[in-house]
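The values are calculated or read from the model by the stated rules, or taken from the named source; none is laboratory data. All values reported here derive from a predicted model rather than from experimental measurement. When we count neighbours, we look across all protein chains shown, and the Cβ atoms used for this are built from the backbone with ideal geometry, even at glycine. Heads up: the accessible areas ignore ligands, DNA and RNA and are worked out on the full protein's heavy atoms, side chains in. Shrake-Rupley method; radii C 1.70, N 1.55, O 1.52, S 1.80 Å.
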Amino acid sequence: MVLWAAIAGCQPDLQDDVIPWQPFDIINVNLNLPEYINLKMDGGYVYLNDGGVRGLILYRQNPSNYIAYERNCSFQPNTACATVEVHVSTLYIFCPCCSSNFDFASGYPTSGPAWRPLRKYETSLNGSTLTITDQVVE
């Protein structure tokens with residue numbers, strides 16, 4: 001009986017709230033502007049205050065693929081401090097509130113209590129203009 005309680009205690013809390021969805025207007029990012037210089041290299045990122053519940057992290061995987069992550073942590077997302085940030089090493093995304101870490105390339109949790117990935121929004125690139133919509137990418 002004690003063994004079952006120990007095993008059950010290691011399971012994620014599947015009753016956790018889902019990230020609220022906040023519709024937003026289409027965001028067009030001119031990648032030639034100086035504020036987006038970090039997006040000129042693979043692995044670069046910027047924070048966007050527009051969009052999502054708590055803003056977005058825009059991440060460049062390669063010259064033709066960008067990911068827009070919701071900054072609202074996927075674990076207990078209604079907690080006031082549940083806002084993810086890019087770790088100082090720039091190797092992963094983390095939540096200082098719950099101590100969860102997330103893979104930059106996929107948004108999936110790699111440690112901590114989070115068990116759902118970060119929400120991703122649809123992006124499309126046309127020349128030097130990156131468009132972000134409020135359409136959730138699964």
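Quick notes
- Dipole magnitude of the range 13-74, debye to nearest 20 (Cβ charges: Lys/Arg +1, Asp/Glu -1, about Cα centre): 300 debye
- Using a probe radius of 1.4 angstrom, the carbon and sulfur fraction of the accessible surface of the chain is 54%.
- Rounded to the nearest 20 debye, the dipole magnitude of the chain is 220 debye, with +1 charges on Lys and Arg beta carbons, -1 on Asp and Glu beta carbons, and the Cα centre as origin.
- For the set D103, D134, solvent exposure ranked by accessible area (probe 1.4 Å, protein chains only) runs largest to smallest as D103, D134.
- Each residue of the chain gets 115 Å³ once the volume of the Cα convex hull is shared out per residue.
- Accessible surface for the chain, divided over its residues, is 56 Å² per residue with a 1.4 Å probe.
- Each of V18, V136 has its accessible area taken with a 1.4 Å probe; listed largest first, they run V18, V136.
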